[in-house]
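Some notes on the structure that comes next.
The values are calculated or read from the model by the stated rules, or taken from the named source; none is laboratory data. Everything numeric in this text was worked out from a predicted model, so none of it was measured. A quick note on method: Cβ atoms are made from the backbone with ideal geometry, for glycine too, and the neighbour counts reach across all protein chains shown. In case anyone asks, the SASA skips ligands and DNA or RNA and just uses the protein heavy atoms, side chains included. Shrake-Rupley method; radii C 1.70, N 1.55, O 1.52, S 1.80 Å.
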Amino acid sequence: MRELVPDDGPGVLAIYGDPKATEHLSFDPRTHDQVEAMVTRSIAAAAADPRTEYVLAVVEHDQGQLVGIGRLAADPHQPRAATTGFALRSDRWGKGYGVETVRLLLGFAFDDLGLHRVWGARSPLNTASAKTMATVGMVEEGTIREHVQRGGVWRDSVVHAILDREWQQPTD
């Protein structure tokens with residue numbers, strides 16, 4: 001994972017502009033201009049002091065190609081807590097990038113930022129995300145009813161969380 005750079009727009013658009021990759025996210029596919037604005041905002045947020053949001057590029061080791069986005073943002077309602085999320089290019093699903101991304105975000109949250117709690121929400125239909133969060137030790141806590149509206153339809157969200165004392169950095 002690395003910080004976003006201005007040239008990441010096309011790579012982010014390949015995720016956030018793809019109806020398949022955004023099917024379970026909280027927003028409809030984004031346009032080129034919306035993605036460029038998001039990349040610009042995320043780069044600006046990286047310079048904030050104090051920094052409250054990390055939007056990071058998930059890149060392949062060998063070629064450095066952007067294949068996903070990971071996000072960690074301070075939760076303004078809970079001290080030492082953050083929300084997390086991730087999205088991957090659909091052609092990279094099922095290859096372990098999700099688990100690796102969430103593990104890196106959690107390691108950063110607990111080991112570097114000293115947070116107490118990290119939580120994320122997913123679509124009830126996103127069983128791959130449920131498996132990813134369980135694999136890294138996040139616990140399903142419950143459902144937020146009619147939490148997200150997409151295309152004029154309300155959708156529930158399932159919350160998963162992990163506490164600092166539950167986090168175990170993988171030894172592999």
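Based on this model, can you work out whether residue 87 counts as assigned to a helix (DSSP H, G or I), open to solvent by less than 20 Å² (accessible area, probe 1.4 Å), among the aliphatic types (A, V, I, L, M) and within 25 Å of residue 157 (Cβ to Cβ)? No: the conditions fail for residue 87. Only a single item in (1) within 28 Å of residue 80 (Cα to Cα); (2) in contact with a helix residue (DSSP H, G or I) (Cβ under 7 Å, 6 or more places away or on another chain); (3) open to solvent by 60 Å² or more (accessible area, probe 1.4 Å) is not met by residue 53, and it is number (3).
For residues that are of a type in the set (Asp, Glu) and at pLDDT 95 or above, scanning just region 8-31, find the one that is farthest from residue 91 (Cα to Cα). My answer is 8. In region 152-171, the residues that are more than 20 Å from residue 131 (Cα to Cα) reach residues that are of a type in the set (D, E, K, R) and surrounded by fewer than 18 Cβ atoms within 10 Å (Cβ to Cβ) with C-beta atoms within less than 6 angstrom, at least six apart or across chains, in these pairs: 154/146.
Which residues, taken from region 156-172, are open to solvent by less than 60 Å² (accessible area, probe 1.4 Å) and at pLDDT 95 or above? Within region 156-172, 156, 157, 158, 159, 160, 161, 162, 163, 164, 167 meet the criteria. Would it be correct to say that residue 44 is open to solvent by 30 Å² or more (accessible area, probe 1.4 Å) and either in contact (Cβ under 8 Å) with a residue 24 or more places away in the chain or more than 19 Å from residue 10 (Cβ to Cβ) (or both)? So residue 44 fits the description; yes.
Out of all the residues in region 6-35, which are open to solvent by 60 Å² or more (accessible area, probe 1.4 Å), more than 16 Å from the chain's Cα centre (by Cα) and not charged (D, E, K, R)? Those that are open to solvent by 60 Å² or more (accessible area, probe 1.4 Å), more than 16 Å from the chain's Cα centre (by Cα) and not charged (D, E, K, R): 6, 10, 19, 31, 32, 34. Cβ-Cβ contacts under 7 Å between residues 6 or more apart (or on different chains), taken from a first residue in region 116-136 that is more than 9 Å from residue 160 (Cα to Cα) to a second residue that is open to solvent by 40 Å² or more (accessible area, probe 1.4 Å) and not charged (D, E, K, R), are listed as 117/78; 123/24; 125/24; 126/24; 128/93; 129/24.
Taking the criterion of being open to solvent by 30 Å² or more (accessible area, probe 1.4 Å), outside any loop (DSSP other than H, G, I, E, B) and either within 19 Å of residue 108 (Cα to Cα) or touching a strand residue (DSSP E or B) at 6+ places or on another chain (Cβ under 7 Å) (or both), the residues of region 120-148 that qualify are 121, 134, 135, 139, 140, 141, 143, 144, 145, 146, 147. Taken together, the criteria place residue 73 among residues that are of a type outside the set (Lys, Arg), in contact with a Ser or Thr (Cβ under 9 Å, 6 or more places away or on another chain) and either assigned to a strand (DSSP E or B) or open to solvent by 50 Å² or more (accessible area, probe 1.4 Å) (or both). Residue 51 meets all of the listed conditions (1) over 20 Å from residue 108 (Cβ atoms); (2) of a type outside the set (Gly, Ala, Ser); (3) more than 14 Å from the chain's Cα centre (by Cα) but one, namely (1).
So that you can scan it fast, the table gives a plain yes or no per residue for (1) within 18 Å of residue 6 (Cβ to Cβ); (2) among the small types (Gly, Ala, Ser); (3) open to solvent by 80 Å² or more (accessible area, probe 1.4 Å); (4) not in a strand (DSSP E or B):
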{"site": "37", "(1), (2), (3), (4)": "yes, yes, no, yes"}
{"site": "57", "(1), (2), (3), (4)": "yes, yes, no, no"}
{"site": "62", "(1), (2), (3), (4)": "no, no, yes, yes"}
{"site": "69", "(1), (2), (3), (4)": "yes, no, no, no"}
{"site": "77", "(1), (2), (3), (4)": "no, no, yes, yes"}
{"site": "83", "(1), (2), (3), (4)": "no, no, no, no"}
{"site": "99", "(1), (2), (3), (4)": "no, no, no, yes"}
{"site": "107", "(1), (2), (3), (4)": "no, yes, no, yes"}
